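First the structure, in the form of structure tokens, and then the observations on it.
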Amino acid sequence: MSFLKGKKVVIIGLASNRSIAWGIAQSMREQGAELAFNYQNEKLESRVMKMAEELGSQLYFPLDVSSDDQISSFFTEIEKVWGTFDILIHSVAYAPSSQLEGSFTEVTDRQGFSIAHDVSSYSLTALTKASLPLLNDGASILSLTYLGAIKAMPSYNVMGLAKASLESNVRFLAYDLGPKNIRVNAISAGPIKTLAASGIKGMKSMLDHVEQVAPLRRNVTTTEVGNVAAFLCSDLASGITGQIIYVDNGYSIVGMSLT
């Protein structure tokens, strides 16, 4: 059964075939969805074009989520080709590398704090606001978060605060848009060796630790995250909104490990 057949999906944040966004795009395409993408800048255009075409899509438009003008222009292009659509995927997060290493108190500065929250959290609100006139009845919005939103993690620093903001953002949007029959959720994925995660110091140690401690004794894959995303955005999950769904092989439930 292709449970996303006929659904039109906008995926924001695809930048690599090692990314969670790629896993989501693959799963949604396998379930029959039509896909459209953004690319942040000219440097990424050819890469996104190649991945989009591999998934049967010719739709990829420029969009830097820190620009309101580009957000508006992006959805103008989507409206031209589709009119309306059904699913919005927000797979965007960024903090300057200087903020992601060392003591949280020492390295966090006003500019880094502002950038992390603007790109990683506010962009969800901005994208939702701009896309609202184009979203069909029963539409779904999905973002990506991480355990660092609720637990202190070495070197994750200000990104943890930004993800906490994002998770609250999901709840407020879900409450606000529920009467319009629009659902908003997020997936909290376990650590994955993606392009975005490469900027976090000690990533290999994190992956090794989760592999030893998680109940399933392995790290999660982008395909597993993508499959859950496809389900959450489908009509099969029509009663789920405002939730943070953990896809981490159970790591988040563990309080202590003696291994």
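The values are calculated or read from the model by the stated rules, or taken from the named source; none is laboratory data. These numbers come from a predicted model, not from an experiment. Positions of Cβ are generated from backbone atoms using ideal geometry, with glycine treated the same way; all protein chains shown enter the neighbour counts. Areas reflect the complete protein model, heavy atoms only, side chains present, ligands, DNA and RNA absent. Shrake-Rupley method; radii C 1.70, N 1.55, O 1.52, S 1.80 Å.
Give me the dipole magnitude in Debye, nearest 20, for the chain about the Cα centre, with unit charges on the beta carbon: positive for Lys and Arg, negative for Asp and Glu.
Numbers: 21 positive and 24 negative charges, 102 e Å.
Result for the chain is approximately 480 debye, rounded to the nearest 20.
At q = 0.18 Å⁻¹, what log₁₀ I(q)/I(0) does a Debye calculation on the Cα points of the stretch 80-141 give, no solvent, two decimals?
Those come out to -0.69, one per q.
Please state, to two decimals, what the Cα-based radius of gyration of the stretch 39-117 comes to when divided by 2.2 N^0.38 Å (N = residues).
The reported ratio for this selection is 1.41.
Among the complete DSSP H segments of the chain, which ones combine at least 18 Å of alpha-carbon extent along their axis with a mean Kyte-Doolittle hydropathy of -1.0 or more? List each step's numbers first, then the result.
Numbers: long enough: 42-54 (19 Å, -1.04); 68-82 (21 Å, -0.39); 158-177 (28 Å, 0.57).
Length and hydropathy pass: 68-82, 158-177.
If we count every other residue with Cβ under 15 angstrom of Val228's Cβ, Lys/Arg +1 and Asp/Glu -1, where does the sum land?
Numbers: positive: Arg183; negative: Glu30, Glu224, Asp248.
Taking every Cβ under 15 Å from that of Val228, the sum is -2.
Listed highest first by mean packing, meaning other Cβ atoms within 10 Å per residue, what order do 129-137, 217-225 come in?
Values: 129-137: 15.6, 217-225: 18.0.
Packing order, densest peptide first, comes out as 217-225, 129-137.
Averaging over every viewing direction, what projected area does the convex hull of the Cα atoms of the stretch 1-143 cover, in nm²?
Average projection, Cα convex hull of the stretch 1-143: 9.4 nm².
Under the rule of at least 5 residues apart or a separate chain, name every residue whose amide H is placed under 5 Å from the amide H of Tyr39.
It is Phe61, Leu63, by chain and number.
How do the peptides 117-128, 35-46 rank, highest first, by the average count of neighbouring beta carbon atoms within 10 Å per residue?
Details: 117-128: 20.6, 35-46: 16.8.
For the peptides 117-128, 35-46, the packing ranking is 117-128, 35-46.
Roughly how many percent of the accessible protein surface of the chain is carbon and sulfur, given a 1.4 Å probe and a whole-percent answer? Spell out each step's value before the answer.
Working: 6400 of 12390 Å².
Accessible surface attributable to carbon and sulfur in the chain totals 52 percent.
For the chain, report the accessible area per residue in Å² (1.4 Å probe, heavy atoms, rounded to an integer).
On the way: 12390 Å² over 259 residues.
Accessible area per residue, the chain: 48 Å².
Mind ranking 24-30, 86-92 by how tightly packed they are, going by the mean number of other C-beta atoms within 10 angstrom, highest first?
Result, highest mean Cβ count within 10 Å first: 86-92, 24-30.
Taking only Cα atoms and a 10 Å spring cutoff, compute GNM fluctuations for the chain and point out the largest among Gly83, Gly239, Gly102.
Residue with maximal mean-square fluctuation among Gly83, Gly239, Gly102: Gly239.
At a Cα cut-off below 24 Å, give the lysines reachable from Lys204, other chains included and same-chain residues fewer than 8 away excluded.
Lys151, Lys163, Lys193
Report, please, the projected area of the stretch 112-259 averaged over directions, based on the convex hull of its C-alpha atoms, in nm².
Value for the stretch 112-259: 9.3 nm².
List the residues whose amide H sits under 5 Å from the amide H of Ile245, counting only those 5 or more places along or on another chain, with H placed 1.01 Å from N in the peptide plane.
Amide H neighbours of Ile245: Ala186, Ile187, Ser188.
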